Structure formats: structure tokens, C-alpha cells
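Structure first, then comments.
The values are calculated or read from the model by the stated rules, or taken from the named source; none is laboratory data. Since the model is a prediction, treat every value here as computed from it, not as a measurement. Quick reminder, even Gly has a Cβ in these numbers, built from the backbone with ideal geometry, and neighbours come from all protein chains shown. Just the protein is used for accessible areas: all its heavy atoms, side chains included, with ligands, DNA and RNA removed. Shrake-Rupley method; radii C 1.70, N 1.55, O 1.52, S 1.80 Å.
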Amino acid sequence: MASIRLTRPTLEVLKVLLAATDDDPAWGLKICEEADLGSGTVYPVLERLTEHGWVEARKEVAPHPGGLLAGTTS
């Protein structure tokens, strides 16, 4: 499996994910806003991170303003 290129957008997404908590999880729109990146950048980064096992998508358990819920793997 190829390694992940740690581009500026990837690092910005990771910063948001690492700052997320169980009480304040990182979901797609929040990642876009806090990383100051568009969804066309954030979602492909999340897909690559998920494919490499760096993050995992979770089912939504409560309503939130929108987007994919993501979290780092333990």
C-alpha cells in the first residue's frame, strides 16, 4: 500500500481530527470550516486516511449540522 503524502490539506484535516473529542466530534462540514478547506479537498483526504487505516468513519448517533463523522483510530 502506498504511503500518504502529508500535504498541507492533509495536515490541516489531521489537526482538526486530533482536536476532536467524543463530546465535540469532527464531522465533514466542521472539518471544512476549521481547516479552511472546501469539501472537494476534505472528503478525498478523509477517504485516503480511511483507506490507510488512519481514521474511521462512524455512524451518526445524534443530529449535527452535516457531513461525515470521522475520528482517528486508536
Among the numbered criteria (1) at pLDDT 85 or above; (2) in a loop (DSSP other than H, G, I, E, B), which single criterion is violated by SER3? (1)
Could you please tell me which pairs satisfy a Cβ distance under 8 Å, a separation of 6+ or placement on different chains, a first residue in the stretch 28-55 that is touching a residue at least 40 places away in the same chain (Cβ under 8 Å) and on the phi < 0 side of the Ramachandran plot, and a second residue that is part of a helix (DSSP H, G or I) and open to solvent by 40 Å² or more (accessible area, probe 1.4 Å)? GLY28/SER39; GLY28/TYR43
Condition check for LYS30: among the basic types (Lys, Arg), modelled with pLDDT under 95 and out of contact with any Pro (no Cβ under 6 Å at 6 or more places or on another chain): yes
Inspect all residues belonging to the stretch 40-50 and state whether any of them is modelled with pLDDT of 90 or more, in a loop (DSSP other than H, G, I, E, B), open to solvent by 70 Å² or more (accessible area, probe 1.4 Å) and not β-branched (Val, Ile, Thr). no
If I ask for residues that are surrounded by 15 or more Cβ atoms within 10 Å (Cβ to Cβ) and over 15 Å from ALA57 (Cβ atoms), which ones from the stretch 17-38 would you list? CYS32, GLU34, ALA35, LEU37
